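Below you'll find the structure, written out as structure tokens, and then a few comments.
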Amino acid sequence: ISDRVLRFTDKGEQNMRVILRDHITSFTISDTDVTFSTANKPRVTAFSAVSSVLMAGAARRLVYGRMPKGSLDFVTCAGAAFGLWGGIRVGCWAFRD
């Protein structure tokens, strides 16, 4: 209906319900074959941050002393980006509601 409320109905729109978005913490969309669910966002965010920091540190330690400083910074950023991506993927899988 708007950016602040959601409307839920059945096929014939016999049973309609309007719910404010502020009152929804998670929801699950079900079909006959596939089920989708939301993830616990605070846990996914924390897991992604930790994963990003650990991957950045591991990448930096791996190439420390073998490459010039400019390359070391690039490898650290690439490790952080890969850790963030992996943390989001694994976190969404591990912390589904």
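The values are calculated or read from the model by the stated rules, or taken from the named source; none is laboratory data. Small disclaimer: the values here were computed from a predicted structure and weren't measured. Neighbour counts are summed over all protein chains in view; Cβ atoms, including those assigned to glycine, are modelled from backbone coordinates with ideal geometry. With ligands, DNA and RNA removed, areas are computed over all heavy atoms of the protein, side chains included. Shrake-Rupley method; radii C 1.70, N 1.55, O 1.52, S 1.80 Å.
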Just the residues that are in contact with a helix residue (DSSP H, G or I) (Cβ under 8 Å, 6 or more places away or on another chain) and assigned to a helix (DSSP H, G or I), please, taken from the stretch 63-80.
Val63, Ser71, Leu72, Val75, Thr76, Cys77, Ala78, Gly79, Ala80
Considering only residues that are exposed (fewer than 14 other Cβ atoms within 10 Å of the Cβ) and within 28 Å of Ala81 (Cβ to Cβ), look in the stretch 27-42 and name the one that is modelled with the lowest pLDDT.
Phe36
Pairs under 9 Å by beta carbon, first residue of a type in the set (D, E, K, R) in the stretch 44-64, partner open to solvent by 40 Å² or more (accessible area, probe 1.4 Å), six or more apart or different chains?
Arg60/Asp73
Residues of the stretch 43-74 classified as more than 30 Å from Arg96 (Cα to Cα), open to solvent by 90 Å² or more (accessible area, probe 1.4 Å) and either among the aliphatic types (A, V, I, L, M) or modelled with pLDDT of 85 or more (or both), total
5
